Ligand code: COA
Ligand code: MG
């Protein structure tokens, strides 16, 4: 089981004020950014600022991730070599493919060995955001045992495909489902798209609920106000928890009485339903 990653908050890596602010939030993961959230002429400053943040800010329970630049930029290795000695919990690789993940994981192997950290202890998370990556998801998901989660980069994918972004997300529906099918098959977490309208908590909540219904473990966020909305949306609500308890209790009783299938709230319950109920209780 991986640590919960219900909300993954991007913080521009060159913005000390936002990094400090992020450290004070009750958030599952912070992702200090060196990619698209940072201007080209600020990359160097962002590396130094992220190192300082990792060394000095009290992030509490939050997982500390760094998003490096993509391999195609030519700057990924330098980003990694700059930030890894400050010991983040993991690295996020954008525009990822299987070869790129193996290269990055190899550099992480080297750093772990050099520092005396346990082999494989740094987490790796991929962003799937090109059409090429989406049609080769099996290779991506099985590229390296270091990989823990795959992020659905819906905005970049829409641009790559030439799709028109809509609130209903029908243009991304297939890819969004396709991705979670692959992460489930390989025992990885799936993290949903960014909801860019950060002043619309209701829209965010319903998009996050949809993602959870599909099997996503969490969602990327870009603003502090989005964090509690998303973290709550990825937890089962009271009614679901009460139902799950009735199912699990009913199951124990039915087993004791030698029955496989039984009824809860007038609906048939059998093994797949029991497993779903157990999974709900496991998230609490
Ligand atoms: N992390 C931490 N703190 C953040 C934050 C973030 N991602 N986004 C905003 N804040 C802070 C602001 O600095 C501000 O702090 P203050 O009240 O102490 O001044 C407070 O939260 C409220 O922010 P607000 O004024 O509503 O928004 P803004 O106009 O400052 O910022 C964005 C809006 C979109 C520019 C900003 O949220 C942001 O930079 N998000 C991340 C973007 C990013 O990384 N994109 C790449 C990945 S998709
Ligand atoms: Mg992107």
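Rule-based calculations on the coordinates, nothing more; no lab input. On a predicted model such as this, the values are computed, not experimentally measured, just so you know. Heads up, the Cβs are rebuilt from the backbone with ideal geometry, glycines too, and the neighbour counts pull from every protein chain shown.
What is the fewest-to-most order of 56, 142 by other Cβ atoms lying within 10 Å of their Cβ?
Arranged by neighbour count, lowest to highest, 56, 142 become 56, 142.
Can you tell me the orientation of helix 238-256 relative to the chain, as the angle in degrees between its alpha-carbon axis and the longest Cα principal axis, to the nearest 10?
The two axes meet at around 50 degrees.
Segment 165-284: percent of C-alpha pairs farther apart than 26 Å?
Percentage above 26 Å: 34.
For 133, 166, what ranking results if the residue with the fewest other Cβ atoms within 10 Å of its Cβ goes first?
Fewest-to-most Cβ neighbours within 10 Å comes out as 166, 133.
When a footprinting reagent is the concern and you count Cβ atoms within 10 Å, what order do 122, 93 take, fewest first?
Ascending number of Cβ neighbours within 10 Å: 122, 93.
Over all Cα pairs of segment 238-282, how is the pair count split among 5 Å bins, expressed in % and running from 0 up to the last occupied bin?
5, 26, 37, 24, 8, 2
Taking 7 Å along the Cα-to-C-beta vector as the label spot, tell me the residue 135-residue 256 distance in nanometres, rounded to one decimal.
My value for the distance between the label points is 5.7 nm.
What is the calculated FRET efficiency for residue 174 to residue 142, with r their C-beta to C-beta distance and R₀ = 25 Å, to the nearest 0.05?
0.70
Mind checking the angle between helix 43-56 and the chain's longest principal axis? C-alpha axes, 0 to 90 degrees, to the nearest 10.
60
For segment 7-233, compute Rh as the Kirkwood radius over C-alpha pairs and then the Stokes-Einstein diffusion coefficient at 25 °C and 0.890 mPa s; write the answer in µm²/s, rounded to an integer.
Roughly 140 µm²/s, to the nearest whole number.
To test your reading of the geometry: what angle, between 0 and 90 degrees and rounded to tens, separates the Cα axis of helix 201-214 from the longest principal axis of the chain?
With rounding to tens, the tilt is 70 degrees.
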